[in-house]
1. Taking into account only those residues within the range 179-201 that are at pLDDT below 90 and among the β-branched types (Val, Ile, Thr), which is farthest from ALA224 (Cα to Cα)?
2. Just to be sure I understand, how many residues within the range 35-84 are open to solvent by less than 70 Å² (accessible area, probe 1.4 Å), within 21 Å of PRO184 (Cβ to Cβ) and outside any helix (DSSP H, G or I)?
3. Out of the residues in the range 162-178 that are surrounded by fewer than 24 Cβ atoms within 10 Å (Cβ to Cβ) and at pLDDT below 95, which is nearest to PRO116 (Cα to Cα)?
4. Could you please find all residues in the range 265-319 being farther than 30 Å from VAL73 by Cβ, open to solvent by 50 Å² or more (accessible area, probe 1.4 Å) and assigned to a helix (DSSP H, G or I)?
5. Can you pull out the residues in the range 26-62 that are touching a strand residue (DSSP E or B) at 6+ places or on another chain (Cβ under 9 Å) and over 24 Å from ARG155 (Cα atoms)?
6. Suppose we keep only residues that are at pLDDT below 95 and in contact with a helix residue (DSSP H, G or I) (Cβ under 7 Å, 6 or more places away or on another chain) within the range 209-245. Which one would you say is most open to solvent (accessible area, probe 1.4 Å)?
7. So in the range 261-291, with the set limited to residues that are among the β-branched types (Val, Ile, Thr) and modelled with pLDDT of 95 or more, which one is nearest to THR201 (Cα to Cα)?
8. Do any strands (runs of 3 or more DSSP E) entirely within the range 144-252 hold 2 or more residues that are more than 21 Å from GLY121 (Cβ to Cβ) and in contact with an Asp or Glu (Cβ under 9 Å, 6 or more places away or on another chain), and if so, which?
Amino acid sequence: MGRVGLVLGGGGISGASFEMATLMAIRMATGWDPNQADVIVGTSAGAFVAAQVRSDALQLDSLVNPADSREDVAIRIRQALFTRQPGVNVAKWLRHGIIPGVVNPGLTLLLGSPAPFSASGIGRWLSEVIGEQQASGWPQTPTVIVAFDVAARGRVAFGTEGAPEVNLREAVSASSSIPLIFRPYVINGRQYVDGGIASGTHADLVLGAEAPLDMLLILAPMAADEERRGAWFHERVFDRVGRSALDEETERIRNRWPHCEILVLRPSALALAAMRPNPMDPNGAVPSFMRTLTSMRRTLAQAAVWEVFERHLMPSRAL
């Protein structure tokens, strides 16, 4: 088996459901454990899933308990993720968000903006899913969690050389702090927000691996390459920006590693319909998961996909 990298992009609650279902489907079909990946890069929702994978906690019951209804799952996710926190630091928003955003308009205008929730709830839920010991440490196998530093106005790749030392709970909370929903997550006095501010995938970070990869698997919930039926303006914008960033990242990887096979998996039209229009709606978790499992059977059966898996994930079958 060659060297394999795994990139898990952002996409909210429904995006995490898509990634969990996709990885479970691949594991069932090929026997490959995603935790065997030589390097994993996770952003936002993908950071949460990356932590699950590296902690051997990618299980169905981490989303749905045996006696759960769809409503039960939505209620549990809502209670876990959306933790209210009083107080808004308007001065920091003015300094790091509004003033620079007026000079150079863009998403960074939202940095440090008032928000009703704290991402600390995400960290607590992660601890419940993977265990306190795992959440308080860092995986031994190369793992990168991406957030955005509000003051420095640039991405921070936790888990890489030169990045601040944090634990998984802190890194995932910071990476998942979506502006306007979650206020910036503070670590050692510095404010961090969702890594998706810079890119939904950050696939080019795999270039920091100790050796070139033979295969790179990218799951990109927010870079759909087909129109979402009845899509709102913001959905089209997010997909277009996500595709553009991912195209640039994969081009850099191909230029450095021309022999690395890159496979990008995105939600099917069926799954996209369940994910829209609000990827942070807990009610979309179960439908997104189930529709992804249904559509992934057809996706994996495509020769262009299955043959890549045979070459890199199932060497014994390729003989």
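1. Ranking the qualifying residues of the range 179-201, first place goes to ILE181.
2. 5
3. The extreme case among them is ILE178.
4. ALA303, ALA304, TRP306, GLU307, GLU310, ARG311
5. Once the filter is applied, which keeps residues that are touching a strand residue (DSSP E or B) at 6+ places or on another chain (Cβ under 9 Å) and over 24 Å from ARG155 (Cα atoms), the range 26-62 yields ILE26, TRP32, PRO34, GLN36.
6. Within the range 209-245, the match that is most open to solvent (accessible area, probe 1.4 Å) is ARG229.
7. Only one residue tops the list, namely VAL264.
8. 154-158, 215-219
The values are calculated or read from the model by the stated rules, or taken from the named source; none is laboratory data. Computed from a predicted model, the values in this text were never measured in an experiment. All Cβ positions, glycine included, derive from the backbone under ideal geometry; neighbour counts span all protein chains shown. Side chains are part of the model used for accessible areas, which takes the heavy atoms of the whole protein and leaves out ligands, DNA and RNA. Shrake-Rupley method; radii C 1.70, N 1.55, O 1.52, S 1.80 Å.
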